[in-house]
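Since the structure comes first, as structure tokens, the remarks are kept for the end.
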Amino acid sequence: MTTALIIGGGIAGASAAYFLANRGVEVTVVDAGRHAASHVPSALINPVRGQSGGVDARALAGMALTWTLVQDLQNAGFAVPHGQGGVLRPLPDDRTRERFGRNLPPDLERRWLAPEESPVPLSPGWAHALWLPQGGWLDGAAFTRALLAASGAMVVREQAAGWTAHTVTLQASPTSPARSLTAHAVLHCGGSLGATLARETGTHRMGTLLTLDRAATHVPVSFGAYLAPSAVGGVLGATFEAPAPTWTEPGLPLASLGWLLGKGEALTDLGGVNVTGRWTGSRLSGLRVGRESDGVWRLSGLGSKGFLLGPLLARDLATQVAAAQETAPSP
Ligand SMILES: Cc1cc2nc3c(=O)[nH]c(=O)nc-3n(C[C@H](O)[C@H](O)[C@H](O)COP(=O)(O)OP(=O)(O)OC[C@H]3O[C@@H](n4cnc5c(N)ncnc54)[C@H](O)[C@@H]3O)c2cc1C
């Protein structure tokens, strides 16, 4: 039987485990149980990105696959809190609307609304709203956990200290004995933390969500910041930190709290909504997918599209890994 070792059990590693297992590969996931961006309490499935309105070439296929997986997992008995009822993008002016309009692919369902037609009462000042009925939100941690559990992968809760095309070395501390796991294929899906543990530099961006005792809006609303329902209430999220070359321990400068609330108020009236806590995570940009020169397979650098594209890219990668093993010698 073909075997695979996956470093990292975030959405990249969990999706890879799921699709490899579907192909009959016996998978072991090594996960440090430290920071995972994938544990974001509420992630948007939003194909129209940022303030430029860019749409990734594979966004529609990625969105469809993510929703199919959520359904399959639910049918298999896993709880994945989510809402598939659309995403609203308020836009500040005509120029932004034109820019967004230029980027939208013809097969993306959308409706242009005047602010007063919006399904969510918007704060004053917005000129237009773009309604994307295929979008929505999901609980990142629940989705990731469900994929991993459904894969049947064995999970080793340790940090990988080294790896080659066929081995992963585990060593709890520099003085403890090292031991090696061996497999036909090794995949590195370590995200922001993993790149830093591998002593690589890149573009790491921290972002913070305030958790709310109830959802400020019944569907996600996003421009500059986002409001979304979550499993236990709602979230208000935004990215304000400058990109950093490595992962750093997530934190929230107190000054940012007022800034974040102001961003939320600019979207809609937050009256009656209470902040219950915060969640801060770091994501890595600069997509790397495929087999690298050291023979290790890689899926990382999903940026802010981890749940939109991660499962789709992991499915492609699993196909490549399985195909390569058919012709490869045993380790
Ligand atoms: C604030 C915020 C909001 C976001 N909002 C959205 C959104 O709305 N929509 C969306 O699609 N995406 C969103 N994202 C992006 C998304 O969360 C990430 O793209 C995605 O989670 C990255 O997944 P990953 O599996 O690559 O990495 P991670 O989730 O970071 O997982 C990596 C895992 O690998 C483990 N690991 C690393 N190195 C090692 C090692 N050497 N040994 C063992 N284990 C290791 C870590 O402990 C971790 O568990 C958001 C991210 C943040 C931070």
The lone exception for Leu210 - which of (1) in contact (Cβ under 8 Å) with a residue 60 or more places away in the chain; (2) open to solvent by 60 Å² or more (accessible area, probe 1.4 Å); (3) in contact with a Lys or Arg (Cβ under 7 Å, 6 or more places away or on another chain) it fails: (2)
Checking Ala216 against (1) open to solvent by 30 Å² or more (accessible area, probe 1.4 Å); (2) farther than 18 Å from Arg298 by Cα; (3) away from the ligand (no atom under 13 Å from the Cβ), which test does it fail? (1)
Within the stretch 264-282, track down each residue that is open to solvent by less than 70 Å² (accessible area, probe 1.4 Å) and within 13 Å of the ligand (Cβ to nearest atom). Trp279, Thr280, Gly281, Ser282
Tell me, yes or no, whether the stretch 140-154 has at least one residue that is within 14 Å of the ligand (Cβ to nearest atom), touching a strand residue (DSSP E or B) at 6+ places or on another chain (Cβ under 6 Å) and part of a loop (DSSP other than H, G, I, E, B). yes
Give me the pairs, please: first residue somewhere in the stretch 22-36 and β-branched (Val, Ile, Thr), second residue anywhere and part of a strand (DSSP E or B) and within 6 Å of the ligand (Cβ to nearest atom), beta-carbon distance under 6 Å, and either six or more positions apart or on two chains. Val30/Ile7; Val30/Ala160
Going through (1) small (Gly, Ala, Ser); (2) more than 10 Å from the ligand (Cβ to nearest atom); (3) over 30 Å from Trp67 (Cβ atoms) one by one, Ala198 fails only at (2)
Taking the stretch 181-234 on its own, how many of its residues are among the charged types (D, E, K, R) and over 30 Å from Glu292 (Cα atoms)? 2
In the stretch 231-245, which residue that is within 12 Å of the ligand (Cβ to nearest atom) and surrounded by fewer than 24 Cβ atoms within 10 Å (Cβ to Cβ) is modelled with the lowest pLDDT? Phe240
Considering the stretch 56-100, residues that are under 18 Å from Pro119 (Cβ atoms) and among the small types (Gly, Ala, Ser), and then whichever is surrounded by the most Cβ atoms within 10 Å (Cβ to Cβ), we arrive at Gly83
Filter the stretch 97-117 for residues that are within 24 Å of Trp67 (Cα to Cα) and assigned to a loop (DSSP other than H, G, I, E, B) and give the result. Leu104, Pro105, Pro106, Asp107, Leu108, Glu109, Arg110
What tally of residues in the stretch 297-313 results from selecting those that are closer than 20 Å to Thr164 by Cα and more than 8 Å from the ligand (Cβ to nearest atom)? 2
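The values are calculated or read from the model by the stated rules, or taken from the named source; none is laboratory data. Predicted model only: the values in this text are computed from it and were never measured. A quick note on method: Cβ atoms are made from the backbone with ideal geometry, for glycine too, and the neighbour counts reach across all protein chains shown. Note: areas computed on protein heavy atoms with side chains; ligands, DNA, RNA excluded. Shrake-Rupley method; radii C 1.70, N 1.55, O 1.52, S 1.80 Å.
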